[in-house]
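Comments concern the structure below.
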Amino acid sequence: MYFIDATNFERFLKKLSAQGELFVPVRNAESGKLRLERVENFPLPENLALDGYRTVEPLKTFAQLLRCPVAGYPSTEGDEMPDEKTFPATVIVGARGCDLAALALVDKVETEGEFTDPFYKIRRERMILIGADCGECGASCFCNLLGGKPWPEKGCDISIAKIQGGYLAEAASERGEKLVKESRDLFAETRDAQVKMRDDARGAVVRKLEEQNRSFPKVDAKLTEIVRAALQDEAWDDISARCVECGACTNICPTCYCFLLYDQRADGSHFQRIFTWDSCQVTGYARMAGMLNPRPRLTDRVKHRYYHKYDYLVQSHGAVFCTGCGRCIDTCSAGIDMREALRTIQKTAKAAKV
Amino acid sequence: MKNPYYPIETVVEDVIVETPTIKTFVLAPSRPIKFKAGQFMQLTVPGYGEAPFTPSSSPSVAEKMEITILRTGKITDALHALKPGAEVGLRGPFGKGYPMEKLEGKEALVVGGGVGLAPLRSLIYALLENPKKYKRVSIKYGARSPEELCFKRQYDGWSKAAPNVDFTNTIDVPAAGWTGRVGLVTTLLDGLDIDLDNSIAVSCGPEIMLKFVTLKLLEVGYKPPQIYLSMNRKMSCGMGKCGRCNVGHYYLCVDGPDMCYDKIKHVPNVFG
């Protein structure tokens, strides 16, 4: 572990920016929320924020673009992928624990098994990730309920924690080690007091998370069993009653990966195939020709989102696809809170047993 | 690296009118496409987009592929307007296909409804290529009306293919000039003379038909693990990534589209 002061950290990022488009979290003065901003010129923006908690946008937006062409046809290149170098390389600073964990989950879907999405894989491999400790938690944060920590446990190249005067930094991958080595002169040895500072800060955030989420159920194997058994439960009708079917929760979710392909005319006799995010919450998502729809009711669609995350993907990919980032809670204009929904299901399950 | 979203250039060599609503497209892809019976393709109509279809031709032929399509929506409207020589695109094959190994040595009961006979024809070609591998092949088919019977010209050939192959069909409601059976396809499952313990049933057709065929098969004594159904869901990527074709935790595009009923029987509204 190393200590790097703010000046040297800026120098380090400047060096890293030669490897790809550099994004750093900045704080919006009005809302206090963080978002990722592209840094094209130094110095770093004054509102750089490596304290605070996760940004508004999830990391998936860098690997699975909201909308992009994936094929032009007919083409003389046929089905050969474009050169990897035509894809942007990115350096993303300040990835939080929940988002790194979420990206690892999407990786499973996109790059494991029989098929790999080469567009995702290439963008993903060209991402350098600098993780960061959360300096606080938001009211909607609930990583602790999923066994997560408010700091990067894995999935990044270098992990940093903001402390007085600079950052504690740790290489977290082979690539990270190489990057630190190449700029070794910028990094100093750490003192025990600095590590203690970080650990105290971590402890404080964990306590706050536990405090604010103490009335909600922990997401463990038992809870996923309860959810599985509650498939026909009428409680879902209440949970979905307020939903306005806007799809914001799926768009902002760091683990939602669903998409749709559609074709459009490019010019004359050439066509483009476009990849775009899609939401299982909207009516047309699973509707087939002849207006057949396996989930015609809103309740079925809201329920589907929970089942996909807390049951289906546990069965198919061995993991709950939620890391407790709380974005869906912040974004929901109807005020639906995933934690409350899970508590409701847990309670009705208990009531049913009595 | 290959781009899995790119449609392989394909020429429509011929268009066969099967019924007033169903056409078979004889396709010549720019490179051979090997598939197993029951696997599906994403067929592109340039500018309109893609839709999933299971080939109706023999899986032993990779140079050409036939796809039999009911006109029922935006893309199939565009398809039905195509003439020989038209250019389309193909991606695939996707999915697992029919449980061919499980059918070996068994009495195969093939139950089709309407255009559902299209994917099953691919299976029938595969079964009849070597009928001795199966104890019996019994094909039951139902359509709405005599005009809507698909692949009429082949029924005789199937019946006579081998001593252990039989074909029976029916139409839903009486029609002038029709002397054959009348009644839903499920009526063909009444009084089955089949070795139940030694049989596998495979069915394809509209969802409502799959539901009643399943109920009937259970009633006559089939167990859920013996029933395979060609399930329908909207599909886009074909690779288990876009998310929409789920039945419970399965994605039909990689785990199906033919699903063993035992695996999906607990899913609410499994038949829509």
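Looking at segment A:275-307, which of the residues that are more than 9 Å from chain B (Cβ to nearest Cβ) and buried (at least 18 other Cβ atoms within 10 Å of the Cβ) is farthest from A:ALA235 (Cα to Cα)?
The extreme case among them is A:TRP277.
Say we look at segment B:202-213 and pick out the residues that are of a type outside the set (A, V, I, L, M) and more than 14 Å from chain A (Cβ to nearest Cβ); which of these is farthest from B:ILE75 (Cα to Cα)? Break it down into steps so the answer makes sense when it comes.
Pass one, segment B:202-213, residues of a type outside the set (A, V, I, L, M): B:203-207, B:211-212.
Still in the list and also more than 14 Å from chain A (Cβ to nearest Cβ): B:203-204, B:212.
Values: B:SER203: 25, B:CYS204: 21, B:PHE212: 28 Å.
Taking the candidates together, the pick is B:PHE212.
Only residues in segment A:119-145 that are within 16 Å of A:CYS328 (Cβ to Cβ) count as the first member; pair them with residues that are crowded, with 21+ Cβ neighbours inside 10 Å and among the charged types (D, E, K, R), Cβ under 9 angstrom, at least 6 apart or cross-chain, and list the lot.
A:GLY138/A:ARG54; A:SER140/A:ARG327; A:CYS141/A:ARG54; A:CYS143/A:ARG96
Output the helices (runs of 4 or more DSSP H) that fall wholly within segment A:196-294 and possess 2 or more residues being closer than 22 Å to A:VAL109 by Cα and in contact (Cβ under 8 Å) with a residue 40 or more places away in the chain, or say none. Please lay out each step first, then the result.
Working: elements: A:221-229, A:235-240, A:248-252.
Ranges flagged: A:221-229, A:248-252.
Does A:VAL195 satisfy the condition of being at pLDDT 95 or above, over 28 Å from A:GLY335 (Cβ atoms) and either basic (Lys, Arg) or in the same structural domain as A:ILE92 (by TED's automatic domain parsing) (or both)?
Numbers: at pLDDT 95 or above: yes; over 28 Å from A:GLY335 (Cβ atoms): yes; either basic (Lys, Arg) or in the same structural domain as A:ILE92 (by TED's automatic domain parsing) (or both): yes.
Here the answer is yes, as A:VAL195 does meet what is asked.
Which condition from (1) of a type outside the set (Gly, Ala, Ser); (2) part of a strand (DSSP E or B); (3) more than 14 Å from every other protein chain (Cβ to nearest Cβ); (4) surrounded by fewer than 23 Cβ atoms within 10 Å (Cβ to Cβ) is the one that B:LYS102 breaks?
Here B:LYS102 clears every test but (2).
Looking at segment A:46-68, is at least one residue under 30 Å from A:GLU189 (Cβ atoms), among the β-branched types (Val, Ile, Thr) and under 19 Å from the mean Cα position of the chain (by Cα)?
The answer is no, given that none of the residues of segment A:46-68 is under 30 Å from A:GLU189 (Cβ atoms), among the β-branched types (Val, Ile, Thr) and under 19 Å from the mean Cα position of the chain (by Cα).
Condition check ((1) acidic (Asp, Glu); (2) more than 22 Å from B:MET231 (Cα to Cα)) across all residues:
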{"site": "B:ASP14", "(1), (2)": "yes, yes"}
{"site": "B:ALA28", "(1), (2)": "no, yes"}
{"site": "B:PRO32", "(1), (2)": "no, yes"}
{"site": "B:ALA51", "(1), (2)": "no, no"}
{"site": "B:GLU87", "(1), (2)": "yes, yes"}
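State whether one or more residues within segment B:2-13 are more than 12 Å from chain A (Cβ to nearest Cβ) and part of a strand (DSSP E or B).
So in segment B:2-13, the residues more than 12 Å from chain A (Cβ to nearest Cβ) come out as B:12-13.
Remaining after also requiring part of a strand (DSSP E or B): B:12-13.
Yes.
Any idea which residue in segment A:46-69 is nearest to the other protein chains (Cβ to nearest Cβ), counting only those that are surrounded by fewer than 21 Cβ atoms within 10 Å (Cβ to Cβ) and of a type in the set (Val, Ile, Thr)?
Per the stated criteria, the residue is A:THR61.
For every residue, the table says whether it meets (1) over 17 Å from the mean Cα position of the chain (by Cα); (2) touching a residue at least 24 places away in the same chain (Cβ under 8 Å).
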{"site": "B:ALA201", "(1), (2)": "no, yes"}
{"site": "B:VAL213", "(1), (2)": "no, yes"}
{"site": "B:VAL220", "(1), (2)": "yes, yes"}
{"site": "B:LEU229", "(1), (2)": "no, yes"}
{"site": "B:CYS242", "(1), (2)": "yes, no"}
{"site": "B:GLY256", "(1), (2)": "no, yes"}
{"site": "B:ASP262", "(1), (2)": "yes, yes"}
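Given the criteria of a type in the set (Val, Ile, Thr) and away from chain B (no Cβ under 14 Å), does A:ILE122 qualify? It would help to see each step written out before you state the result.
Details: of a type in the set (Val, Ile, Thr): yes; away from chain B (no Cβ under 14 Å): no.
Judged against the criteria, A:ILE122 is not a match.
Report, by residue number, each residue of segment B:27-57 that is surrounded by 19 or more Cβ atoms within 10 Å (Cβ to Cβ) and of a type in the set (Gly, Ala, Ser).
B:ALA37, B:GLY38, B:GLY49, B:ALA51, B:SER56, B:SER57
Suppose we filter segment A:76-116 for residues that are within 9 Å of the chain's Cα centre (by Cα) and either within 11 Å of chain B (Cβ to nearest Cβ) or of a type in the set (Ser, Thr, Tyr) (or both); how many remain?
1
May I ask you to say which residue of A:THR255, A:THR190 is β-branched (Val, Ile, Thr) and either buried (at least 20 other Cβ atoms within 10 Å of the Cβ) or within 14 Å of chain B (Cβ to nearest Cβ) (or both)?
Values: A:THR190 fails: either buried (at least 20 other Cβ atoms within 10 Å of the Cβ) or within 14 Å of chain B (Cβ to nearest Cβ) (or both).
The unique qualifying residue is A:THR255.
One line per residue, one yes/no per condition, for (1) in a strand (DSSP E or B); (2) surrounded by 14 or more Cβ atoms within 10 Å (Cβ to Cβ); (3) of a type in the set (Ser, Thr, Tyr); (4) within 10 Å of chain A (Cβ to nearest Cβ):
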residue	(1), (2), (3), (4)
B:PRO174	no, no, no, no
B:ILE194	no, yes, no, no
B:LEU215	no, no, no, no
B:TYR228	yes, yes, yes, no
B:ASN232	no, yes, no, yes
B:CYS237	no, yes, no, yes
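Restricting attention to segment B:20-70, report how many residues are of a type in the set (S, T, N, Q) and out of contact with any Asp or Glu (no Cβ under 6 Å at 6 or more places or on another chain).
So in segment B:20-70, the residues of a type in the set (S, T, N, Q) come out as B:21, B:24, B:30, B:39, B:42, B:44, B:54, B:56-58, B:60, B:68.
With out of contact with any Asp or Glu (no Cβ under 6 Å at 6 or more places or on another chain) added as a condition, the list becomes B:21, B:39, B:54, B:58, B:60, B:68.
Of the residues in segment B:20-70, 6 are of a type in the set (S, T, N, Q) and out of contact with any Asp or Glu (no Cβ under 6 Å at 6 or more places or on another chain).
Can you tell me how many residues in segment B:243-272 are within 7 Å of another protein chain (Cβ to nearest Cβ) and crowded, with 22+ Cβ neighbours inside 10 Å? Outline the logic, then answer.
At the first step, the residues of segment B:243-272 found to be within 7 Å of another protein chain (Cβ to nearest Cβ) are B:243-244, B:246, B:248-249, B:254, B:268-269, B:272.
Restricting the remaining residues to those that are crowded, with 22+ Cβ neighbours inside 10 Å gives B:243-244, B:246.
Number of matching residues: 3.
Quick one: how many residues across segment B:82-99 are under 18 Å from B:PRO257 (Cα atoms) and either in a loop (DSSP other than H, G, I, E, B) or at pLDDT below 95 (or both)? Steps first, answer last, please.
At the first step, the residues of segment B:82-99 found to be under 18 Å from B:PRO257 (Cα atoms) are B:90-99.
The next check asks that each one be either in a loop (DSSP other than H, G, I, E, B) or at pLDDT below 95 (or both); those that pass are B:95-99.
Within segment B:82-99, residues that are under 18 Å from B:PRO257 (Cα atoms) and either in a loop (DSSP other than H, G, I, E, B) or at pLDDT below 95 (or both) number 5.
Within segment B:1-11, can you find the residues that are in contact with a strand residue (DSSP E or B) (Cβ under 6 Å, 6 or more places away or on another chain), closer than 12 Å to B:ALA86 by Cβ and either at pLDDT below 95 or buried (at least 18 other Cβ atoms within 10 Å of the Cβ) (or both)?
B:THR10
Only one of these conditions is not met by B:PRO163: (1) under 25 Å from B:TYR261 (Cα atoms); (2) not in a strand (DSSP E or B). Which number is it?
Answer for B:PRO163: the failing condition is (1).
When you look at B:LYS265, is it farther than 24 Å from B:ALA51 by Cα and in the same structural domain as B:LYS106 (by TED's automatic domain parsing), yes or no? Working first, answer last.
Working: farther than 24 Å from B:ALA51 by Cα: yes; in the same structural domain as B:LYS106 (by TED's automatic domain parsing): no.
Considered against the rule, which asks whether it is farther than 24 Å from B:ALA51 by Cα and in the same structural domain as B:LYS106 (by TED's automatic domain parsing), B:LYS265 comes out as no.
The values are calculated or read from the model by the stated rules, or taken from the named source; none is laboratory data. Owing to the predicted nature of the structure, the values given are computational and were not obtained by experimental measurement. Because the Cβ atoms are built from the backbone with ideal geometry, glycine has one as well, and the counts that use them run over all protein chains shown.
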